[in-house]
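Data first, discussion second: the structure below is written as structure tokens.
The values are calculated or read from the model by the stated rules, or taken from the named source; none is laboratory data. Quick caveat, the model's predicted, so the values are computed rather than measured. Note that each Cβ is placed from the backbone with ideal geometry, even for glycine, and that neighbours are counted across all protein chains shown.
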Amino acid sequence: MKTEMVKISEVKNNPNNPRVIKDDKFEKLVRSIKEFPKMLEIRPIVVNDDMIVLGGNMRLKACKEAGLKEVPIIKASDLTEDEQRQFIIKDNISGGEWDWEMLNSEWNTEDLEDWGLDMPTFGDEVDYSILDDENIDDIIDDMTANVKKAIQIEFELEHYEEASELVRFWREQKAYVGGMIMEYLKAEKDKL
């Protein structure tokens with residue numbers, strides 16, 4: 001497949017494109033195309049034989065916004081209908097994650113943001129010094145002393161509504177529903 005330059009008016013947006021870029025990110029894309037048009041030559045817009053975009057809908061839209069008259073394309077003539085549909089999705093799936101630490105130390109953060117990358121804001125370092133406290137077990141016990149725990153109880157479908165109403169009723173009465181269930185289950189166990 002070879003890259004060719006065509007009039008931008010010949011290239012058609014894909015009406016079934018599931019990916020969009022909004023507001024400031026789109027403006028950053030327009031600006032990056034104006035400032036670095038060689039990017040398009042390296043990563044041309046992919047179209048089918050009908051000149052409908054398979055990969056690069058937002059780049060095409062940004063190129064129009066930037067006032068370009070021509071754009072580089074690659075025709076993916078050998079793709080079946082199913083392969084074209086796959087390409088539309090697979091071309092937009094990110095295959096990896098950013099190494100934020102490297103980006104932060106090796107690149108200019110303002111440049112990265114200007115180029116369209118949303119940099120996370122990193123808060124202050126977490127203070128783990130409390131973990132060095134000799135009484136950490138006591139501190140954790142104090143923190144969890146009054147925490148209630150839950151157990152899932154299954155009900156047949158025909159009993160679910162009634163069970164929900166009963167639990168709600170007893171909670172409104174400030175009753176300890178778990179304790180009531182425990183007393184009943186103990187009494188039933190003792191009968192065995």
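Tally up the residues in the range 2-12 that are assigned to a loop (DSSP other than H, G, I, E, B) and surrounded by 13 or more Cβ atoms within 10 Å (Cβ to Cβ), please.
1
Looking at the range 82-134, which of the residues that are within 22 Å of Val20 (Cβ to Cβ) and among the β-branched types (Val, Ile, Thr) is modelled with the lowest pLDDT?
Ranking the qualifying residues of the range 82-134, first place goes to Ile93.
Has the range 38-57 got at least one residue that is touching a Gly at 6+ places or on another chain (Cβ under 7 Å) and in a helix (DSSP H, G or I)?
There is no residue in the range 38-57 that is touching a Gly at 6+ places or on another chain (Cβ under 7 Å) and in a helix (DSSP H, G or I).
Give the range 1-56 a look and list any residue that's among the aromatic types (Phe, Trp, Tyr) and touching a residue at least 12 places away in the same chain (Cβ under 8 Å), or say none.
Phe26
Could you list, in sequence order, the residues of the range 23-80 that are over 28 Å from Asp111 (Cβ atoms) and in contact with a Ser or Thr (Cβ under 6 Å, 6 or more places away or on another chain)?
Asp49, Ile74
Looking at Asp137, Asp142, which one is exposed (fewer than 10 other Cβ atoms within 10 Å of the Cβ) and assigned to a helix (DSSP H, G or I)?
That would be Asp137, the only listed residue that is exposed (fewer than 10 other Cβ atoms within 10 Å of the Cβ) and assigned to a helix (DSSP H, G or I).
Output the residue which, of all residues in the range 13-58 that are in contact with a strand residue (DSSP E or B) (Cβ under 6 Å, 6 or more places away or on another chain) and of a type in the set (Gly, Ala, Ser), is surrounded by the fewest Cβ atoms within 10 Å (Cβ to Cβ).
For the range 13-58, the residue satisfying everything is Gly55.
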